[in-house]
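A quick write-up on the structure given underneath.
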Amino acid sequence: LMSQLSGGQKAIVALAIVFAIQRCDPAPFYLFDELDQALDSTYRAAVAAMIQRQANHPTNPTQFVTTTFRPELVNVAAKCYGISLQNKNSNIHALDKTDALGFVADLMHEEEAVGTVSASAVPRSSKGKKAARRKRATSSDEEDEEGEEDEEDDDAGSEGS
């Protein structure tokens with residue numbers, strides 16, 4: 001039965017079980033890693049509202065630590081942090097909500113751009129397949145030429161460092 005569910009549906013079932021257990025036998029905190037990744041925006045908003053309600057419960061508040069790349073959980077977060085990797089070291093940066101939402105919005109725009117490019121590369125017919133192959137071949141030739149120019153620019157830019 002579970003194998004017939006989508007990733008988002010499986011996530012909702014798992015979260016329902018966690019929240020039901022939390023109400024019966026609460027823990028002081030929960031740690032979730034991208035729990036909203038497979039959910040659409042409606043379900044992400046509902047999960048964020050549930051987490052906010054549980055975190056602000058008058059008699060038994062619970063702390064939730066989550067990672068996300070979506071705005072719904074950031075909107076209800078009390079504190080936001082960004083993690084960067086510099087010189088093989090992870091660094092933690094406190095972010096205000098505006099900066100965190102801006103970061104998430106930038107990632108979502110990048111993701112949409114990649115999805116648009118990927119969708120446009122899918123041919124619709126055999127004529128489309130030939131045209132798409134030609135287009136990809138032309139694009140990769142142009143990218144190779146641009147890549148060579150970029151490498152020259154990068155080398156020049158790093159000399160003074």
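The values are calculated or read from the model by the stated rules, or taken from the named source; none is laboratory data. Only a predicted model underlies this, so the values are computations on that prediction, with no experimental measurement involved. Here the Cβ is made from the backbone with ideal geometry for all residues, glycine too, and neighbour counts use every protein chain on show. Note: areas computed on protein heavy atoms with side chains; ligands, DNA, RNA excluded. Shrake-Rupley method; radii C 1.70, N 1.55, O 1.52, S 1.80 Å.
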Practice task
Taking the Cβ of residue 34 as the centre, find all other residues whose Cβ is under 15 Å away and add up their charges (Lys, Arg: +1; Asp, Glu: -1).
Solution key: -2
Completion exercise
Checking rank on 57-70, 32-45, with mean other Cβ inside 10 Å and highest first, the result is 32-45, 57-70
Practice task
Note down the accessible area of residue 74, probe 1.4 Å, to the nearest 10 Å².
Solution key: 10 Å²
Handout entry: Kirkwood Rh, angstrom, segment 20-64 [1 / mean 1/r, Cα pairs]
Key = 11.3 Å
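Quick check on segment 1-106: of the DSSP beta bridges with both residues there, what percent are antiparallel, nearest 5%?
Numbers: 7 of 12 bridges.
The antiparallel fraction comes to roughly 60 percent.
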Problem - Per-residue HN-Hα couplings for segment 53-70 [Karplus 6.51, -1.76, 1.60; θ = phi - 60°; Hz; x = Gly/Pro] - result: 5, 5, 5, 9, 4, x, 9, 9, x, 10, 8, 10, 10, 10, 10, 7, 10, 10
Problem - Solvent-free Debye scattering, log10 I(q)/I(0), computed from the Cα coordinates of segment 1-119 at q = 0.10, 0.11 Å⁻¹ - result: -0.37, -0.45
Exercise for the section: Kindly provide log₁₀ I(q)/I(0) values, in the same order as q = 0.18, 0.25 Å⁻¹, from the Debye equation applied to equal alpha-carbon scatterers of segment 3-43. Expected result: -0.57, -0.92
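So if R0 is 35 Å, what FRET efficiency would residue 83 and residue 13 give, r being the distance between their Cβ atoms, rounded to the nearest 0.05? Write down the numbers at each step before the final one.
On the way: r = 29 Å, r/R0 = 0.84.
Working from the Cβ atoms, E equals 0.75.
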Handout entry: residue 30 long-range amide H proximity, modeled H, under 5 Å
Key = 63, 64, 65
Handout entry: residue 97 accessible area, 1.4 Å probe, all protein chains in place, Å² to nearest 10
Key = 80 Å²
Completion exercise
Given backbone amide H placed at 1.01 Å from N, residues whose amide H is under 5 Å from that of residue 95, ignoring those fewer than 5 places away on the same chain, are 80, 81, 82
